[in-house]
Each structure stands twice: as C-alpha cells, then as structure tokens.
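Student: Could you have a look at this structure, given as structure tokens, before my questions?
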Amino acid sequence: MTRVLVVEDDPQLVRALVINLQARHYGVDAAPDGATALRLAAARQPDVVLLDLGLPDMDGVEIIKGIRGWSRMPILVLSARQASDEKVAALDAGADDYITKPFSMDELLARLRAAVRRTEDTPLVPETTVVETADFSIDLLAKKVLRDGRDVRLTPTEWHLLEILVTHPGRLITQQHLLQEVWGVSQSSKTNYLRVYMAQLRRKLETDPSHPRYLITEPGMGYRFEG
C-alpha cells in the first residue's frame, strides 16, 4: 500500500484528502503542523508527502529542507501562495511539484500517481546504465550523478527529467512529453515547471549554466541532451 503523509492545518481539507485517498486505497497519515510532520515523516517513512506551506509553527520550506536532509521521498506542495518566487523557493528547497489552491482532486491524484511512479525502479537496457561526459557521469542503475568526483544531489523530479533526456541522446524531447511523463499533466501552462527544473539541473551539472553544453533548449519545442 502506498503511504501518503498529508501536512495541512485546515481540518476540512484534511478530511477531503483523507476520504479521497483512502477511497483509492492509499494509506494516510495527517499532521496539522511542521513538528508533527517531521516526526511522522521519520517514523512512518511515507511514499509521498502532500505539504501545505502555511503552517502554524513553521514555514513549509523548512520542512522540505528538513526532509531533504535525509530522504528523497517525493514532496508535493499544496499552497494558496501563487507568487512565482514562492514557487521557486519551494522547488529550489527540493519540492517535486507545486499545486496551487484551489485545485481539482483529479489533477492532484494524477500528480500524486506521477510522483510515486518517478520513484519506482524501471528496467534499463544494460548498454545505457552509465552515461559519461567530460564534466560528469550518470549511473542510471544506481541513480547517482558524479561531478568532479563528488555526488550531485538531485531531487526525484530532477532525476526523472535527466533520466528521460540522457536515455535519448541527441533527440528532441517535447515539452508535452516531459510534462506528461514527469508530472502526469500535459497542459502547456505548466511549462514554467520545466524551465525551473532545467535551470536547476544546469546549475548542478553545467560548467556555464547560461551557455549549456549538455542540456539544450529547443525554443518553444522542448529539450535534448548532447553527450
């Protein structure tokens, strides 16, 4: 059973989420504040976290950082905050997705399924388990990236994006394909997600992120990886 930790201080929303998730056979724990959330995350080891940013005792970004210190479990932010800098702060801290309130339950569940899917191991062709470049290496089987001999820490979302691109070297991967594969949505309005995550990957992997050598943008179309 997939376990979900709901971190939310609105009792009505918690009740709606618990009912909908349990009806689809998810196991659910709920935390009304940040301290309880961090304790339950460590004790229950959920498969995915649904996190409100506006909690009574601490900002949700601090919870993201706290969990990211020891786990790569997917974290989906649910927030009424719509400013782009708020979204970028949460994504930079290690969130895997950002869903703005109010949201449709169907979309939330689709993104939840996509987040869980990203963490599941997929069989790989032996010839493509290690990708070497002049600046970094990617071990697809171990899900590890090394740059200058050091581990590069990627979130599950960053890893999934990178994995799709490097397993199709030189090939244009459309924005729509990436959105569907990684977030379970295909709306073009979500392309800002891609821009944020590609910028993060470039900062972590490229020598000159503003002039990428490996993670190439095809304006208005998508992205490709050049090895």
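Student: Please work out the FRET efficiency for the pair A42 and L146, using the Cβ-Cβ distance as r and a Förster radius of 22 Å; give the result to the nearest 0.05.
Tutor: With a Förster radius of 22 Å, E is 0.20.
Student: How many nm separate the modelled label positions at D92 and Q22, each set 7 Å beyond the Cα in the direction of the Cβ?
Tutor: Here the modelled spin labels are 4.0 nm apart.
Student: Can you tell me what share of the DSSP beta bridges in the chain is antiparallel? A percent to the nearest 5 is fine.
Tutor: Percentage antiparallel, nearest 5: 50.
Student: In whole Å, how far is the Cα centre of the range 191-225 from that of the range 129-179?
Tutor: 12
Student: Next question. Using a 1.4 angstrom probe on the protein heavy atoms only, could you order M58, M221 from most to least accessible area?
Tutor: M221, M58
Student: Sticking with this structure for a sec: Rank these by accessible area, largest first, 1.4 Å probe: M1, M73, M105.
Tutor: Result of the area sort, largest leading: M1, M105, M73.
Student: Work out the P(r) tail for the range 31-118: percent of alpha carbon pairs separated by more than 23 Å, whole number.
Tutor: 15
Student: Given the rule -39500 (n - 2.57) for each run of at least 4 DSSP H residues, summed and divided by the residues of the chain, what is its mean residue ellipticity at 222 nm, to the nearest 500 deg cm²/dmol?
Tutor: Taken over the chain, the calculation gives -12500 deg cm²/dmol.
Student: What is the angle, in °, between the Cα long axis of helix 105-119 and the longest principal axis of the Cα atoms in the chain? Nearest 10 is fine, range 0 to 90.
Tutor: Around 50 degrees separate the two axes.
Student: Are there chymotrypsin sites (Phe, Trp or Tyr not before Pro) in the range 31-120 that DSSP marks as loop and that have at most 12 other Cβ atoms within 10 Å, and which are they?
Tutor: Qualifying residues, ordered by number: W70, F103.
Student: Here are a few candidate values for Cα extents along the principal axes in Å: (i) 55, 37, 26; (ii) 51, 34, 30; (iii) 43, 41, 32. Which one was actually calculated from the structure I just gave you?
Tutor: It is the one labelled (ii).
Student: A further question on this structure: With all protein chains present and a 1.4 Å probe, how do E163, E86 order by accessible area, largest first?
Tutor: Ranking E163, E86 by accessible area, largest first, yields E86, E163.
Student: Does anyone have the angle between helix 34-44 and the longest principal axis of the chain? Alpha-carbon axes, 0 to 90°, nearest 10?
Tutor: 70
Student: Check the straight Cα-Cα distances from K190 and name the aspartates and glutamates below 12 Å, setting aside those fewer than 8 residues away within the same chain.
Tutor: In chain and number order, the partners are D97.
Student: Over the chain, with the other protein chains present, what is the accessible area per residue in square angstrom, probe 1.4 angstrom?
Tutor: Per-residue accessible area for the chain comes out at 48 Å².
Student: Using a 1.4 Å probe on the protein heavy atoms, what percent of the accessible area of the range 8-54 belongs to carbon and sulfur?
Tutor: Summing carbon and sulfur atoms, their accessible area is 50 percent of the total for the range 8-54.
Student: Among residues other than G34 whose Cβ falls under 9 Å from its Cβ, what is the net charge (Lys/Arg +1, Asp/Glu -1)?
Tutor: After counting each charged neighbour, the total is -4.
Student: Of V166, L53, W70, which is farthest along the charge dipole of the chain in the positive direction, counting Lys and Arg as +1 and Asp and Glu as -1 at C-beta?
Tutor: V166
Student: How much accessible surface does Y26 have with a 1.4 Å probe, in Å² rounded to 10?
Tutor: 30
Student: Also, quick follow-up: Where does helix 84-93 land angle-wise versus the long Cα axis of the chain, in degrees 0 to 90, nearest 10?
Tutor: Once rounded, the angle reads 80 degrees.
The values are calculated or read from the model by the stated rules, or taken from the named source; none is laboratory data. Only a predicted model underlies this, so the values are computations on that prediction, with no experimental measurement involved. Here Cβ is always computed from backbone atoms with ideal geometry, including for glycine, and neighbour counts include all displayed protein chains. SASA here: full protein model, heavy atoms, side chains in, ligands and nucleic acids out. Shrake-Rupley method; radii C 1.70, N 1.55, O 1.52, S 1.80 Å.
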